[in-house]
1. Take L158 and tell me if it is open to solvent by 30 Å² or more (accessible area, probe 1.4 Å) and within 11 Å of the ligand (Cβ to nearest atom).
2. Considering only the stretch 232-322, give the helices (runs of 4 or more DSSP H) lying wholly within it that have at least 3 residues that are open to solvent by 30 Å² or more (accessible area, probe 1.4 Å) and more than 18 Å from E176 (Cβ to Cβ).
3. Tell me, which strands (runs of 3 or more DSSP E) wholly within the stretch 1-90 include 2 or more residues that are outside the structural domain of P237 (by TED's automatic domain parsing) and open to solvent by 40 Å² or more (accessible area, probe 1.4 Å)?
4. Just checking, does the stretch 198-209 include any residue being part of a loop (DSSP other than H, G, I, E, B) and either in the same structural domain as G7 (by TED's automatic domain parsing) or among the small types (G, A, S) (or both)?
5. For the stretch 112-126, enumerate the residues that are surrounded by fewer than 19 Cβ atoms within 10 Å (Cβ to Cβ) and in contact (Cβ under 8 Å) with a residue 40 or more places away in the chain.
6. Identify, please: which residue in the stretch 163-187 is open to solvent by 40 Å² or more (accessible area, probe 1.4 Å) and within 8 Å of the ligand (Cβ to nearest atom) and is, among those, farthest from the chain's Cα centre (by Cα)?
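The values are calculated or read from the model by the stated rules, or taken from the named source; none is laboratory data. Computed from a predicted structure; not experimentally measured. Glycine also receives a Cβ, built like all others from the backbone with ideal geometry; neighbour counts cover every protein chain displayed. Accessible surface is based on the protein model in full, side chains and every heavy atom, while ligands, DNA and RNA are left aside. Shrake-Rupley method; radii C 1.70, N 1.55, O 1.52, S 1.80 Å.
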Amino acid sequence: MNVLVTGGAGYIGSVCVEELLGAGHAVTVLDNLSEGHRAAVDARANFVHGDLADRELVQRAVRAAKTEAVIHFAAHALVGESMTNPGKYFRNNVASGLNLLDAAVEAGVKKFVFSSTCATYGVPERVPMTEDLPQRPVNPYGESKLMFEKLLRWYEELHGLEFVAFRYFNAAGASEKFGEHHRVETHLIPNVLRVALGQKPHCEIFGTDYPTPDGTCIRDYIHIADLAQAHILALAPGRRGFFNLGNGAGYSVREVVAACEKISGQKISALERPRRPGDPPRLVAAAAKAARELGWRPKFPKLEDIVATAWAWHRRHPQGYAD
Ligand code: UFG
């Protein structure tokens, strides 16, 4: 298929593009490079430098690529930043995304695949979390993604635009070529691995008094190559709806630090800090629906294997992408 990938120069997008090309799809990446990196775009893909806020550019890009499917990764995705600058999140993740939806309808695109998040659930009523739990986001980031989910429902009902929305849990790991390089890094695994690389004296543990066995937050880490596979499965006609993507296993912050120590063979010093605002204590996916309806089978169910791929990438690219 001809697939237009927004945010294809970003962390998850870059690996999805690589996997799409490997599966024989033709890929055009549309990215404004605000967070992404030109070097993260697979050389086999076409690249369009542009912003989703530019309605005409988006229309031209969708048409020029003879787009049959859109995979929409491009978004701002920092929970903390969204609490201080909500307008940035609603403008980019909702209003600019609407330009893409309209362009897809105008061009007769067959399938729209959207990167949503478990942050749309807020603090979950129960874990593991199924797709039917109430969605009550506790930050503008999660709210912006939920708003876009709602747009998708209407665009499918009124314009017949078939969609799949994936609610990712914690994306982690790397492929051989592409990995995690945020200009400001807030995520746990890359920050812990920086200590192992000797780039920082210690990492930080945000909150040690949560109602969890070791007092630190529990998350469900999912390899980005497994996320990418789900997107490829979603392209098949008739596949539609909302799906959680996680491994169904929760690991605490302390367990992540221990896994990073084991994989790197380095002692990692950690400072205990107060809680970070907006962090739910425990987020773990029930992803049976994706397995059942899409035939999705993660290849990296174990945290240590995920960390090993991240460690290998960071060792090869200690400064990330050199831009
Ligand atoms: N944490 C630390 N120290 C750090 C970084 C993080 O203790 O240096 C803790 C956080 O407080 C949290 C856990 O590690 O408890 C994971 O934090 P991340 O920042 O790696 O990931 P989040 O769970 O906060 O957020 C990620 C994505 C969001 C997405 C969310 C869904 O960044 O886009 O997962 O859970 F919405």
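1. When the stated conditions are applied, L158 does not pass them.
2. So the answer is 253-264, 288-294.
3. It comes to none.
4. Yes.
5. V123
6. Within the stretch 163-187, the match that is farthest from the chain's Cα centre (by Cα) is T186.
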